[in-house]
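The values are calculated or read from the model by the stated rules, or taken from the named source; none is laboratory data. These numbers were taken from a predicted model, which means no experiment stands behind them. All Cβ positions, glycine included, derive from the backbone under ideal geometry; neighbour counts span all protein chains shown.
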Amino acid sequence: MFLSVFDMFKVGIGPSSSHTMGPMVAAARFLDMMRASPFSFSGVRASLHGSLAFTGVGHATDRATILGLAGFTPDSYDHDRAESTLSSIRDTHVITVDGLPELQFDPGKDLIFDYDTPLEGHANGMVLMATDTQGDVILRQVFYSVGGGFVVTEEELAEGALVEEGDPVPFPFKSATEMLEMSQRSGKSIAEMKRSNEVSRGGAQNLSAGTARLWQVMNDCINRGLTSDGILPGGLQVRRRAKDIHDKLMEERGMNLTAPHTINDWMSVYAMAVNEENAAGGQVVTAPTNGAAGVLPATLRYYLDHVPGATESRVEEFLLTAAAIGGLVKYNASISGAEAGCQAEVGSAAAMSAAGLCAVMGGTPQQVENAAEIALEHHLGMTCDPIKGLVQVPCIERNGLGAIKAVSAASLALRGDGTHLVPLDACIETMRQTGADMHDKYKETSLGGLAVNVPNC
């Protein structure tokens, strides 16, 4: 099994990897299908199902789908050009995209939120259609956005094509047990095995440059969030808090007035900065999703800014270790809130972050696996119930608490020798089973939990 670090960590836009980035990616794939088709097309349509319908407006799924059909992609998104394109489509009901004729598209009629017809493959389903001059559908494709910006067709999902196989890699572990066994036999750390796998596919230079860019985008996102204020979009009137908290923390530095637990505020503010940027539609990195994008950057920033002896030379090791753990979770369970609740998003992010931190602080592979297990175990059962379908409440604060748990899990693991009762594999399987048993109203539909118990929302 091989899932690249660049699959787990993707540069994209907020507010959601599954509901914003995924539909945009699906639309881009559909355009390619249209370009390769012998048919002559006159228009396009789309229908959103399941969680994509229920929380689509709050997650900007409608905008993402339209922009995807207009040729936009998450990694090269230009906000000003996107706004201009959306305005033009609303006015003219025409989409113009390279390699295809003008396509008729009326956002009010041709983009349907279907709340009554869930698709069988996954909670995040959408159908894209192309029509002829008579308005008849002559090309149709079902897509599923399965979390973290990953998109598969109906056929690919049936074939089990969620993880790329491709050419063999040196260390093809599919479970934490296999990972530890390969580590013991080879004498390599988890990061070293993951690095060997990555280099065998993309080369050392691409890996080094790519991971450096990922951290740069993550860190830039933190810094933007720490210096931006105002009200987040969407109607909840949620005010950005990261800047104010950060300003106060900076004022208190060196005054010998702060309690030791104030370090938790630093971790939280880094994570909140990222998720406020995400909620505002800014550029983030899936880690492994947008909704959980703040946990890992906050943990890594904590390491660099607050741990004595920390060095940026170990950032790649942190990311590789985290990606290895994230790959195991995705392969054996889920990283999708719509599929398994927030335990699959913030829980996975905390496990990845705990593993990465433990590794760069000198942890053995056994301690790293223990750190990931502790962090995931104590997110089991967490629901995904965003108020008004917006990735704001409880999501922003939840990332801060996820970072705190990640650091605590790494610290506890480092205090032991790696021996523990619950294996990471068992914890991942428990998360999968818990997600399967969880009622749909608690899985990113905004039909239960905080989403229905907060007045006036």
* **Given (1) under 30 Å from G235 (Cβ atoms); (2) outside any helix (DSSP H, G or I), number of the condition P308 does not satisfy** => (1)
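What number of residues within the stretch 354-384 are touching a Phe, Trp or Tyr at 6+ places or on another chain (Cβ under 7 Å) and either closer than 18 Å to K188 by Cα or at pLDDT below 95 (or both)?
Looking only at that region, the number is 4.
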* To do: Quick one: which residue in L128, L157 is surrounded by fewer than 21 Cβ atoms within 10 Å (Cβ to Cβ) and among the hydrophobic types (A, V, I, L, M, F, W, C)?
  => L157
* Which of the residues spanning the stretch 82-100 are in a helix (DSSP H, G or I) and surrounded by 12 or more Cβ atoms within 10 Å (Cβ to Cβ)? -> A82, E83, T85, L86, S88, I89, R90, T92
* May I ask you to list the residues in the stretch 333-374 that are under 21 Å from Y442 (Cα atoms) and either in a helix (DSSP H, G or I) or not assigned by TED's automatic domain parsing to the domain that holds Y442 (or both)? => G337, A338, E339, A340, C342, Q343, A344, V346, G347, S348, A349, A350
* To do: Looking only at the stretch 203-219, count how many residues are surrounded by fewer than 15 Cβ atoms within 10 Å (Cβ to Cβ) and not hydrophobic (A, V, I, L, M, F, W, C).
  => 6
* To do: Run P38 past the list (1) touching a helix residue (DSSP H, G or I) at 6+ places or on another chain (Cβ under 9 Å); (2) outside any helix (DSSP H, G or I); (3) free of Cβ contacts under 8 Å to residues at least 60 places away in the same chain and report the number of the one that doesn't hold.
  => (1)
* Structure fact -> The residue from A123, A191, A204 that alone is within 30 Å of V346 (Cβ to Cβ) and either without any contact (Cβ under 8 Å) to a residue 60 or more places away in the chain or in the same structural domain as V368 (by TED's automatic domain parsing) (or both) is A191
* Asked: If you scan the stretch 43-68, which residues turn out to be touching a strand residue (DSSP E or B) at 6+ places or on another chain (Cβ under 6 Å) and assigned to a loop (DSSP other than H, G, I, E, B)?
  -> G56
* To do: Could you tell me whether any residue of the stretch 252-268 is of a type outside the set (S, T, Y) and under 27 Å from A60 (Cβ atoms)?
  => no
* If V329 passes every condition in (1) assigned to a helix (DSSP H, G or I); (2) touching a Phe, Trp or Tyr at 6+ places or on another chain (Cβ under 9 Å) but one, which one does it miss? -> (2)
* To do: State yes or no: is V199 closer than 26 Å to T364 by Cα, out of contact with any Cys (no Cβ under 8 Å at 6 or more places or on another chain) and in a helix (DSSP H, G or I)?
  => yes
* the stretch 235-258 residues that are farther than 26 Å from P394 by Cα and in the same structural domain as I222 (by TED's automatic domain parsing), paired with ones that are among the polar types (S, T, N, Q) and part of a loop (DSSP other than H, G, I, E, B) (beta carbon under 9 Å, 6 or more apart) -> E252/T258
* Does any residue in the stretch 66-81 that is surrounded by 22 or more Cβ atoms within 10 Å (Cβ to Cβ) come within less than 9 Å, Cβ to Cβ, of a residue that is acidic (D, E) six or more places away or on a different chain, and which pairs are these? -> F72/D78
